[in-house]
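Scroll down for the structure; my scribbles are underneath it.
The values are calculated or read from the model by the stated rules, or taken from the named source; none is laboratory data. Note that the structure is predicted; figures quoted are calculated from it, not measured. Counting neighbours? That spans all protein chains shown, and the Cβs are built from the backbone with ideal geometry, glycine included. All accessible areas refer to the heavy atoms of the entire protein, side chains included, with ligands and DNA or RNA removed. Shrake-Rupley method; radii C 1.70, N 1.55, O 1.52, S 1.80 Å.
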Amino acid sequence: MVLAGDLYRPKNPGAGELPALVLSGPFGAVKEQSSGLYAQTFAERGFVTLAFDPSFTGESGGEVRNVASPDIFTEDFSAAVDQLGLLPDVDREGIGAMAICGLSGMALTAASGDSRIKAVATASMYDMSRSMSRSHKDGYTLEQRHKVIEYLSQQRWIDAEKGTFALGFHELPFDANGQLLKGNRVLPEKLPANPDPVLAAFFDYCRTPRGFHPRAINSTTAWTATTPMSFFEFPLAANIAMIAPSPILLVAGANAHSRYYSEDAYKAASGPKQLVIVRDADHVDLYDRLEKIPFDRLEAFFRQNLKQA
């Protein structure tokens, strides 16, 4: 599979090899959205950056489309490192990873098995394996987890018989009667009255001119309905302690519904680690709110740990 990425370079790089970053996320986004904004900003600050579309999404290769994989998305980060390290102006000993939202778990997982990633930072981290297999704040009961597995397993029969791949929710909710809810869009066409604040925040980025992109799954469609199966089977960041001695920086909004993912990853990490909580910020604020994203802190972290003065 061939990945598509946008390469950013500083306008006035100076002499010598430069530090570099691979970037991706959020989950269901494309390189022209949040990761591209981060890549542009880091390039303005002197880094060579590569924002890429994960496999099966955006302009990257891979069939069937709209499939997410904890394994392959992790490998995508290493493939992006391959590409950066082949550039003559990049310092191979100075390559880091930066991920936003749902690609953060893959970036951390990649760093746990690829020592070429010398430092890794995340913003609004989501652990998609944990989210899909246990729900928000591990809210699934054991019975509900088995219900989700049964639904996914039966959907495999339906897809196999039809020779097509249905779309569906990747995070499956239950109604008040304990029935599993199904749908074929990540976000609704229109925001309902009195929406959940988290839904409203995602909608405001993905479904409005603020962040809409026609190739983004979050903006237009959904993942394949059976996508969660592999995330039940393969937990991300299971070896997060192995990232050490490479350092980790985790950034989360103080008001983010996802804040606990960053806090728990911080506790699980064994080596050099930092946790930055951004005041008056929610989860989606760290996608594109330049006044809230702590770029000074991120730049200092990467410069210190990618051997750049």
In whole Å, how far is the Cα centre of the stretch 129-146 from that of the stretch 13-70? 29 Å
SER78 paired with MET242, simple spin-label distance in nm, labels 7 Å along Cα-to-beta-carbon: 0.9 nm
Comparing PRO209, PRO245, PRO70, which has the greatest mean-square fluctuation in the GNM of the chain with Cα pairs linked when under 10 Å apart? PRO209
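Could you check how much of the accessible area of the chain is carbon and sulfur, as a whole percent, using a 1.4 Å probe? Working shown, then result.
Details: 7090 of 13700 Å².
C and S atoms contribute 52 percent here.
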Could you calculate the contour length gain from LYS182 to ASP264, that is, 0.36 nm times the residue separation minus the distance between their Cα atoms, to one decimal place in nm? 26.6 nm
Segment GLU93-VAL198, extension gain: residue separation times 0.36 nm, minus the distance between their alpha carbons: 33.9 nm
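Give the accessible surface of the stretch 93-209 per residue, rounded to a whole number of Å², with probe radius 1.4 Å and ligands, DNA and RNA excluded.
Working: 5770 Å² over 117 residues.
Result: 49 Å² of accessible area for each residue.
If I stretch the segment between ALA300 and LEU7 completely, what's the gain in nm (0.36 nm per residue apart, minus their alpha carbon distance), one decimal?
Working: separation 293, 0.36 × 293 = 105.48 nm, distance 2.15 nm.
Difference between extended and current length: 103.3 nm.
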Round to the nearest 10 and report in Å² the accessible area of GLU63, as given by a 1.4 Å probe over the protein chains' heavy atoms. 150 Å²
Rg and Dmax of the stretch 214-309 over Cα atoms: what are they, in angstrom? 16.1, 47
Give me the accessible area of ASP82, 1.4 Å probe, in Å² rounded to the nearest 10. 70 Å²
Where Lys and Arg each count +1 and Asp and Glu each count -1, what net charge lies around ASN177 among other residues with Cβ under 15 Å from its Cβ? 0
Using alpha-carbon positions, what is the distance between the centroids of the stretch 100-114 and the stretch 272-301, in Å? 17 Å
In degrees, nearest 10, range 0 to 90: what is the angle between the Cα axis of helix 142-162 and the longest Cα principal axis of the chain? 90 degrees
Mind checking which aspartates and glutamates have their C-alpha under 14 Å from LYS137, skipping anything on the same chain fewer than 8 residues away? ASP127, GLU171, GLU263, ASP264
Starting from the residue with the highest accessible area, list VAL278, VAL198 in decreasing order, probe 1.4 Å. VAL198, VAL278
Using only Cα positions of the chain, each an equal point scatterer, no hydration layer, compute I(q)/I(0) via Debye at q = 0.08, 0.13, 0.14, 0.15 Å⁻¹ and quote the log10 values to two decimals. -0.33, -0.89, -1.04, -1.19
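Please report the orientation-averaged projected area of the stretch 63-136, defined via the convex hull of its C-alpha atoms, in nm².
Working: hull surface 23.1 nm².
Over all viewing directions, the stretch 63-136 projects a mean Cα-hull area of 5.8 nm².
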Amide N of the stretch 116-142 lying under 16 Å from the label point, which is placed 7 angstrom from the Cα of GLU17 along Cα→Cβ: 116-119
What is the helix-to-structure angle for 70-85, meaning the angle in degrees between its Cα long axis and the longest Cα principal axis of the chain, kept from 0 to 90 and rounded to the nearest 10? 20 degrees
